[in-house]
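The structure appears below as structure tokens.
The values are calculated or read from the model by the stated rules, or taken from the named source; none is laboratory data. All figures in this text were calculated on a predicted structure; none of them were measured in a lab. Quick reminder, even Gly has a Cβ in these numbers, built from the backbone with ideal geometry, and neighbours come from all protein chains shown.
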Amino acid sequence: MQSGKLIIVPTPIGNLEDITLRALKVLKEVDAILAEDTRQSSKLLQHYQINKPLWAYHQHNEHKNLTHLVEELKGGKKLALISDAGTPAISDPGFLLVRECLRNDIPVECLPGATAFVPALVKSGLSADSFIFMGFLPEKKGRQTAFQKLKDIEYTMIFYESPHRLLKTLGQLAETLGSDRPCSISRELTKMFEETVNGTLAEAINHFNQKPIKGEFVLVISGKK
């Protein structure tokens, strides 16, 4: 029997119109869709009138589901992998399944599409020629070590951060890199209340100290000069 295929499909990071025609075509053609949160993904699929089986695939079950999914793919199933927002495997589940597919000679295709750090970097005004994307910084174990490693990085640095840790992270970055380090902080990209704050780390801290902190954040920090 011919092997199936795993197709990585980026989904909008906020605005539902930010999905490609090709992505919609694939989602309509596959046998099933692997979704990080089936309730969240149902909203997108209903919006585009796509009716396909949704299988939960997230960080809490990805290890135990690997064998089953590989068998489904070997049996000829064509599966799409999506996350709640953006491109799967970029600070989201996906890496383990892609690796296992490659080990089993199962074709993997990845569609181009939305991911939050790219627009945040491009609109930051900081160098986009060389940059390092680091996802989420460690919450506890290894956090201080991670910050110390940032001191000598000469490339633009990009992080994701949640609202309840934003000020703590900005404070630690200022302490480690200097409060005058240029930065660009974007939140709620593509959504109604999209906002980008450009300036120094000290200015960003002052800005977010004066208002409620809501949304998901992308931090773009200038490298060492």
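Rundown of residues vs (1) assigned to a helix (DSSP H, G or I); (2) among the hydrophobic types (A, V, I, L, M, F, W, C); (3) outside the structural domain of residue 206 (by TED's automatic domain parsing); (4) at pLDDT 95 or above, yes/no style:
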position	(1), (2), (3), (4)
101	yes, yes, yes, yes
138	no, no, no, no
152	no, no, no, no
174	yes, yes, no, yes
Answer residue from the stretch 76-99, given it is more than 21 Å from residue 28 (Cβ to Cβ) and of a type in the set (D, E, K, R) and is modelled with the highest pLDDT among those
99
In the stretch 189-210, what count of residues is obtained for those that are in contact with a helix residue (DSSP H, G or I) (Cβ under 8 Å, 6 or more places away or on another chain), in contact (Cβ under 8 Å) with a residue 40 or more places away in the chain and either hydrophobic (A, V, I, L, M, F, W, C) or closer than 26 Å to residue 18 by Cβ (or both)?
4
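Regarding the stretch 56-64, can at least one residue be identified that is in contact (Cβ under 8 Å) with a residue 24 or more places away in the chain, surrounded by fewer than 16 Cβ atoms within 10 Å (Cβ to Cβ) and within 14 Å of the chain's Cα centre (by Cα)? Before the answer, list the steps.
So in the stretch 56-64, the residues in contact (Cβ under 8 Å) with a residue 24 or more places away in the chain come out as 57-59, 62-63.
Retained after the next criterion (residues that are surrounded by fewer than 16 Cβ atoms within 10 Å (Cβ to Cβ)): 59, 63.
Then drop every residue that is not within 14 Å of the chain's Cα centre (by Cα), which leaves 59.
For the stretch 56-64, residues in contact (Cβ under 8 Å) with a residue 24 or more places away in the chain, surrounded by fewer than 16 Cβ atoms within 10 Å (Cβ to Cβ) and within 14 Å of the chain's Cα centre (by Cα): present.
With the condition kept exactly as written, say whether any residue in the stretch 142-150 is part of a loop (DSSP other than H, G, I, E, B) and farther than 21 Å from residue 199 by Cα.
Step one: list which residues in the stretch 142-150 are part of a loop (DSSP other than H, G, I, E, B), which gives 142, 150.
Adding the requirement that they be farther than 21 Å from residue 199 by Cα leaves 142.
Yes: one or more hits.
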Under the condition of being more than 18 Å from residue 126 (Cα to Cα) and aromatic (Phe, Trp, Tyr), which residue from the stretch 188-225 is surrounded by the fewest Cβ atoms within 10 Å (Cβ to Cβ)?
193
In the stretch 149-187, which residues are surrounded by fewer than 18 Cβ atoms within 10 Å (Cβ to Cβ) and acidic (Asp, Glu)?
152, 154, 175, 180
Of the residues in the stretch 1-50, how many are within 26 Å of residue 68 (Cβ to Cβ), surrounded by fewer than 16 Cβ atoms within 10 Å (Cβ to Cβ), touching a residue at least 12 places away in the same chain (Cβ under 8 Å) and basic (Lys, Arg)?
1
When the stretch 99-130 is examined, which residues are found to be within 16 Å of the chain's Cα centre (by Cα) and touching a residue at least 60 places away in the same chain (Cβ under 8 Å)?
110, 111, 112, 113, 114, 115, 116, 117, 119, 120, 121
